[in-house]
Every structure is written in structure tokens, then in C-alpha cells.
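The values are calculated or read from the model by the stated rules, or taken from the named source; none is laboratory data. Please read all numbers here as calculations on a predicted model, not as lab measurements. A quick note on method: Cβ atoms are made from the backbone with ideal geometry, for glycine too, and the neighbour counts reach across all protein chains shown.
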Amino acid sequence: MTDAPDLFTSSDPACSQETVTWQPLADRMRPQKLDEIAGQSHLLATDKPLRQAIESGRLHSMIFWGPPGTGKTTLSHLIAHYCEAEFLSLSAVLSGVKDIRQAVEKAKMLKSAGRASILFVDEVHRFNKSQQDAFLPFVEDGTITFIGATTENPSFELNNALLSRARVYVLKSLQSEDLVEVIKRALQDETAGLGQRRICMDDSLIQKLAQVADGDARRALNLLEIATDLGTEKDGELVISEAVLGEVLSTGVRRFDKQGEAFYDQISALHKSVRGSSPDAALYWLVRMLDGGCDPLYIARRVVRMASEDIGNADPRALTLALNAWDVQERLGSPEGELAIAQAVLYLACAAKSNAVYKAFNTAMAQVKEAGSAEIPVHLRNAPTRLMKELGYGREYRYAHDEPEAYAAGESYFPEEIGEQHYYDPVARGLEIKIAEKLAHLRELDKKAGKSN
């Protein structure tokens, strides 16, 4: 099969060559062959099933899941080309059920003419349930081969019915070396790229651009194109200097979707690094989130949660420090507040760990929900009126401060129908060592007083 001259430009004769040349660099440099796709060797190496299926023309419905700029749209176009199928495209941001029906009608006409068609839906996670369901009958009867592209976890965003009819392929962020190749190809390509402009750009700057692009080929090429526009002519060459590149990269470009999976994955990584007592990793994920534009107050709230859930009474100072960091962020803002949050994160990561409070709370909560409203023992009830006193409220209550060691040995504080319960088990770390010793001593006093456990 011969490769098409260009899979991504309009086939309309009215579309002049002048119009095409003004396409963004990232569009002009889209790969025209599978071998030109950067990265994704886990899917597209010669011995991989997806590569073999594409080259043999065996179509099946699929979902491409991966970060922006990893080749989801490009690969979909190439599949249509290799399999000689009509490429029908929808954007879930702009399209509705009406557009889906129109695409399906076109696919039916193609099918009746003996031609296969691929319906590609970009950002498919933005379609609601009814819109996703609209594809199902036509995927099942073979009218269309469905390809969806998403940056979000399909398990959370797509209907099970659609997932069961399509295979999910995970595309990975591009490595710096992959992006270096993409950039160099764009600089050298004289047809679609920038080769005719004779651009001079040091390898060290290409490497820097690749690193800052953060795994996204589209971003790398867009930034390169901006840098080219700002470059200076010198001795017949267009020079992209360090100063020019620095100006282009001065705005934040890290990948951080405040509503998407990257957000929750990074806060999860931060929490687990703190729990795992890895201060350096915890600091790394904190800075990653701040660098990506995360609200520091959100992080501060989560750090307070970490202090209670994973440190607890092993080091009660952790909660105080976390609350103080939150307060500093609210009072002073950035960067002073962010430094206080970093201090709290590092302290929590280094502190003794205990989830005993967390486990005790969850156990008690589960039992209360299951047991219902048990009667409060009479001796524990408040007696502010004469009637309540006559009914015995508060009678036989033992005031702990009047007892030896300020402890009413043998006293029961649970409802009678529930009996004595045991939720809290301090761990043998930090302050909870002392807490455990005290609780053991009090239980011995209870035994001596004849209290059942």
C-alpha cells in the first residue's frame, strides 16, 4: 500500500496550497506513517498486536487513553489510512446527538457502497450517557468502527456498555529523547517543517524545550513555532537564543488538570509519600502540584487530613503544624504560605506514623450506623431540673476527679445493650507508646474493680 501524501489536509480542491502552509506547525508535522510516531513502542513495535492489526487491515473498536500530545488523533487517522476506511470525526465538546446521527447516516451510505468507516470521537469522556449510548447499536451491527480519544480514565468516564465493545489502549507521555527527535525533525523538514528557514538552535536548548514540553509533542512544536517567530536573523540564519527560549517558556506549561485524573493522581502521590515517610518524594509531589497551578489552600486542607489519618496521636504536634501552615497560607499567601506548607509536609513525612485514630473512628462510625440509637445510661445523663433528678438522672455517677488517679475504675460509659467496646489500639510508635501504656494500666484497674471487658 502506498502512503498518502498528506492524511491531515483537506481533500477539497478549493483549499489552496497557501491555506495549507498556514497550518500550525504541530498539524503540519503530524506523522504520515506508523514508524514516524514518537514513542508508544509498547503499542506500535513491529511485534505488537495493535501494530499487526493495523497493518493487516483488521479493524476493531478502541479507546485511546493518554495525556495530551501523545498521538491519539494521529494514530486514529493512520488506522483509517492503513485500513482504507473513511475517517469520520466528531468533537465531544462541539457535537450532540444530531451530529452523531448524521455521522451514522453517512457511515450507513458508505457501508451500502462496500466501504468501511471509522467514527473518531475526540474527548469522548465529555459525552453524557445518552450520547455514548447512541453509538452502541451501530458499533454492534458493524456500521461503524468506533475510536474514542480521552485524557481521562475510561473506567470513570465511559459507560460500561461502550467499554465492553471497545478495547482500551493506553498511550504514554513522551520521553525527552522522543521529543528531541520530534523537534529536530521539525527543524530539518523542508516540506512541512521549518527546514527552509535555516534555523540555528543549540542542542542544549532543544533538550530544554523537550523537557519543558512535559511529554506533549503538540506543546513542544507549538513552543518551537513561537520561538521561531521571536528569533533573530543573523548571517542568513534564524537564531533561537537562550534569551528567546526563556521568554517563550516563561509561562507555566506543566500538565495539571484541576478537574482531571492528573490532579487526583498527584495528590494521591503526595499523600502516599507522606504516609511512606519519604520526605524528599513528598516535597517533589508538593512542588509538582504548586508548579502546575494547584490552589495551595487545597493542598493545605489535604495536609491536615494526612496529619489526622496517618500520624494521629503518634505525634499530635503534626496536626497543629498542619493547621498553622494552612493559617499562614491564608494570611500571607504565596510564596510564604507555600513554604509553611512545605515545612508541614516534611514534618509529617518524618513523623512517627499511626492510623489508629483513623481506624478507631471508622469502626465506631460503622457500629453506630448499624446499632441505631441506644439508650444513654441514666447515670451519664444531665440533670438540670428537679424532675430529672427525681427520675434518677445523673444518680450514681462517679466524678473521676474524686477517684484515685482521677479514674473511676470499673465505671461503664457505654449503653447497656451495646456493652463494653474496644475501638482504639495505639501503635508502638511515637507518643502512642505512652498512650498504650496508660490504657493498659487503666484496664488493669478495671479488672481489679471487677469490670468486664
- Item | Given (1) in contact (Cβ under 8 Å) with a residue 40 or more places away in the chain; (2) farther than 25 Å from residue 174 by Cα, number of the condition residue 65 does not satisfy | (2)
- In segment 379-410, which residues are of a type in the set (A, V, I, L, M) and part of a loop (DSSP other than H, G, I, E, B)? 383, 391, 408, 409
- Query: Among the residues of segment 316-324, is any at pLDDT 95 or above, of a type in the set (D, E, K, R) and on the phi < 0 side of the Ramachandran plot?
  - Reply: yes
- Within the set of pairs 6+ apart or on separate chains, which have a first residue in segment 198-209 that is charged (D, E, K, R), a second that is part of a strand (DSSP E or B), and C-beta atoms under 9 Å apart? 198/237; 198/238
- Query: If residue 56 satisfies every condition in (1) surrounded by fewer than 19 Cβ atoms within 10 Å (Cβ to Cβ); (2) in contact with a strand residue (DSSP E or B) (Cβ under 9 Å, 6 or more places away or on another chain) but one, which is the exception?
  - Reply: (2)
- Tell me, please, whether a residue that is in the same structural domain as residue 151 (by TED's automatic domain parsing) and assigned to a loop (DSSP other than H, G, I, E, B) can be found in segment 70-77. yes
- Item | Of all residues making up segment 269-299, the number that are under 20 Å from residue 323 (Cβ atoms) and hydroxyl-bearing (Ser, Thr, Tyr) | 1
- Quick one: which of 344, 356 is assigned by TED's automatic domain parsing to the domain that holds residue 279 and either modelled with pLDDT of 95 or more or crowded, with 19+ Cβ neighbours inside 10 Å (or both)? 344
- Query: Which one is modelled with the lowest pLDDT, of the residues in segment 151-177 that are in contact with a Phe, Trp or Tyr (Cβ under 9 Å, 6 or more places away or on another chain) and under 19 Å from residue 44 (Cβ atoms)?
  - Reply: 166
- Item | Subset of segment 372-426 (residues that are at positive phi and in contact with a helix residue (DSSP H, G or I) (Cβ under 6 Å, 6 or more places away or on another chain)) | 392, 396, 406, 410
- Query: Checking residue 113 against (1) of a type outside the set (Lys, Arg); (2) over 15 Å from residue 145 (Cα atoms); (3) modelled with pLDDT of 90 or more, which test does it fail?
  - Reply: (3)
- Selection over segment 117-142 where residues are surrounded by fewer than 21 Cβ atoms within 10 Å (Cβ to Cβ), within 22 Å of the chain's Cα centre (by Cα) and assigned to a loop (DSSP other than H, G, I, E, B) yields a count of 2
- Message: Being in contact with a Phe, Trp or Tyr (Cβ under 8 Å, 6 or more places away or on another chain) and either among the charged types (D, E, K, R) or crowded, with 18+ Cβ neighbours inside 10 Å (or both) is the requirement here; does residue 145 meet it?
- Response: no
- Among the residues of segment 396-418 satisfying the criterion of being touching a residue at least 12 places away in the same chain (Cβ under 8 Å) and surrounded by fewer than 12 Cβ atoms within 10 Å (Cβ to Cβ), which is nearest to residue 440 (Cα to Cα)? 405
- Hey, residue 152 hits all of (1) out of contact with any His (no Cβ under 8 Å at 6 or more places or on another chain); (2) assigned by TED's automatic domain parsing to the domain that holds residue 74; (3) assigned to a loop (DSSP other than H, G, I, E, B) but one; which does it fall short on? (1)
- Message: Checking the structure you have, find out if any residue of segment 371-378 is part of a loop (DSSP other than H, G, I, E, B), over 30 Å from residue 314 (Cβ atoms) and more than 52 Å from the chain's Cα centre (by Cα).
- Response: no
- Run down 330, 375 and say which single residue is farther than 25 Å from residue 427 by Cβ and outside the structural domain of residue 394 (by TED's automatic domain parsing). 330
